[in-house]
Every structure is written in structure tokens, then in C-alpha cells.
1. Once you keep just the Cα pairs under 8 angstrom separated by 6 or more residues, what percentage relative contact order results for region 169-271?
2. May I ask for the Kirkwood hydrodynamic radius of region 240-361, worked out over all distinct Cα pairs and given in angstroms to one decimal?
3. Rounded if a/c is under 1.5, else prolate if a/b is larger than b/c, else oblate: which is region 161-217, with a ≥ b ≥ c the root eigenvalues of its Cα gyration tensor?
4. Taking the C-alpha atoms of region 116-168, how large are the radius of gyration and the largest Cα-Cα span, Dmax, in Å?
5. Say R0 is 25 Å: what FRET efficiency, to the nearest 0.05, do Gln202 and Lys141 get from their beta-carbon distance?
6. Would region 15-107 count as rounded, prolate or oblate if I go by the C-alpha gyration tensor, calling it rounded below 1.5 in a/c and otherwise prolate when a/b exceeds b/c, oblate otherwise?
7. Within region 2-159, what percent of beta bridges assigned by DSSP are antiparallel, to the nearest 5?
8. Mean-square fluctuation check for the chain, GNM, Cα pairs under 10 Å: which of Phe280, Phe31, Phe18 is largest?
Amino acid sequence: MIPYEDLKRLNKPFKEEFTAAFDEVLEKGYFILGPQVELFEKEFAGFHSSKYCVGISNGLDAIILALKALNLPEGSEVIVPSNTYIATILAVIAANLKPVLVEPDIRTYNIDPDKIEAAITPKTKALLIVHLYGKVCDMDKIMPIKQKHNLFLVEDCAQAHGATYKNKLAGTFGEMGAFSFYPTKNLGALGDAGGVICNDEQYKNALMRLRNYGSDRKYYNDVIGYNNRLDEMQAAFLSVKLKRLKEMNAHRNKLAALYHKNLSDKYILPVNDSNYYDVFHIFNIRHQKRDELQQYLQKKEIGTVIHYPVPPHRQKAMADIFKGKDYPIADEIHNTTLSIPCSFCHTENEIMEVIDALNNY
Ligand SMILES: Cc1ncc(COP(=O)(O)O)c(C=O)c1O
């Protein structure tokens, strides 16, 4: 069996260091907002050459707090890609803002910059872009739109740790970059975890307050806040893995290159462009008979996942919000996409087996 992902295998090389990190946290006896969170924040900010990182409980909360830190008027419109994972849209709603969906570019699966301006109204205050599957959005086109319309830019980097566009890292283009460290992510903790990077002290302070009951000083609460803290144990594990993030991304790139080189042209593959360093959080292919293909691979004992079977506008929870709106490109992607194994846990031999199975289909 070649699993789609195997977190046990993926984390095995880190076991000794995790154990040492666990012991250290236990010895220190600090479990919430202590030295490990501070250290990881410093390291993750440093990785991005950003001034600040604020550790947050998970990726969804990271986006919610980033939006809240912008202090936008209630009901302001926020532009989001129509094919994103539901969390991006849930974050906008949780921040009392209005999500406005813009269709992706069918080649890159990222928000289509040429469609953004048509969605901008006087109520639009922010762009919440998503570097989906591990590819940075087309920033040369998006930044001028941000500037022209005076919009805030928040980047959902949950799938793009270490990805770059023209050598600039995901998360460093806008006011804030929000990350998830969910266990399957390119930088994954051993539980829920997230973080936001930024360069502006005002946002850093707002994020620190919001994640900790609205408090700067214990028992003094200046704003309405939440409990959205990253915990010490997860921060310690993340510091261990951050040291090898580049190596893990390079491994995924090596596997992706095998697919690109060897897969039959009956499949639509992710686009390759030398301006981008993609980190292949997801390596997806597209095929008109996707469901049959998935069953065929299942019979060959190859695990696959559909990211995602139901687009956000067709989710029951969103029925009222997007009623009467059509997003045919999101539909097309959701109907034809299939994610195939491409993780730090996979060997090149396994990927060659997947390729053989796909080419014989
Ligand atoms: C694009 C995107 N945004 C946000 C999230 C939310 O992250 P989390 O699961 O850590 O809340 C995820 C991952 O699940 C994601 O893939």
C-alpha cells in the first residue's frame, strides 16, 4: 500500500529531537506562552526575514485574528478565491466580514488576478489570497491592484510554507501572512498550531492581545479577546521541524519533478514556471473521469485524496451566503482534481510505482 500520507513515517526522523524537546518543556514546567513559543516565533519570523511572528492556536484562528487585527468596519467585503479550503471563508465570516468569491485561474488554481477588479466595490477593504497547493499567487498582478484600490492584503499560507514567487516568500507580500501548522502541512506540528507573520508592530501587538483574552498585562483586558494561543509543546516540536523545512520542501520538489517528467499527457499536471518555487503541499492532477481513476488507484493500493470534493459555494453551511451565484471554474476543478502521493514520507520508488499505475490506466 502506498498511502496518500503517513504521518508516523513522516515524523520518524524527528523522534529523538522531539523527545528531547518534550523533556525540555516538561523540565522547564512552562506550558503556555513561555520560552518555546517565543523562540519559535523568533525563528519563524527569521525564516521569512519578517520582524514578527505571533504563534496562534491553529490556521483558522490565525486568519481570523489577522483579519480582526486590521480593525475593519463590520460587514466590509473581503475578496477570497472561490476554490479555497472552507477555513479561509469561515475566517472571514467569523471576523464579521463579508466574503466575496473570485474565481481561480484554471491553470494555476490560484485566484485569477484579472477577475479581482470586477469584484471590488466601495465596501471592499481587503484581499485574502490563498497560495493553494503550495504555489504562490501571481503577485506581480495582485500587488498593483492592492495599491490602486488601497486594500489590505492578508495571505493564507496554510499550504505554502517556504514557497516563493520571484524569490520572495509566501506570507511576506501583504500586511500579514497566516499559517497553519496542522500535522499534514509542509511544516506540521503534532497537534493543532498556527501563526501569523508581519512587519508592523501595531499588528503584532493586536495579534498578541487578541490571542490572549484581549490582554497585554495579566488580568487587565483592553479589548475583547480570545484564547487562541500556540502552546509550548507544539512550539518546541515546530522548532525541531523548521530546521528541516527546506529539505522537506526539496524532497517534495524531487518527487514532483518525477511526476512532471514521467506522467502521461492524458493528465493535466500543475503548471511549471521558473518564477515560482512551489512546495507541493498538494500535487494534484486533473482528469475528466476522476472518480473512476481514484477507484482504480485504490484497487492498486495507492492512496489519493480529493482537495476538495465540494466547493465552498455548494456547502450546506454556505447556502444562504452564495445563493444564486455561479462559480463554474471552482466547480470544474472540484469535479476533476485528484491529489496523488507527494509527501516527505514518500520514496522516489513509491512515486515511480504511482506513475506506472497512472500511465497504465
Ligand atoms: C488553505 C487553508 N486555509 C486554512 C486552513 C486552516 O488551518 P487549520 O486546520 O490549522 O485551522 C487550512 C488547513 O486546514 C487550509 O488548507
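1. 20
2. Result for region 240-361 stands at 15.9 Å.
3. oblate
4. 11.7, 34
5. 0.35
6. The shape class here is prolate.
7. Of the beta bridges lying entirely in region 2-159, close to 5 percent run antiparallel.
8. Phe31
No value in this document is a laboratory result; all are computed from the given coordinates. Since this is a predicted model, take the numbers as computed values, not measurements. Cβ atoms come from the backbone with ideal geometry, glycine included; neighbour counts cover every protein chain shown.
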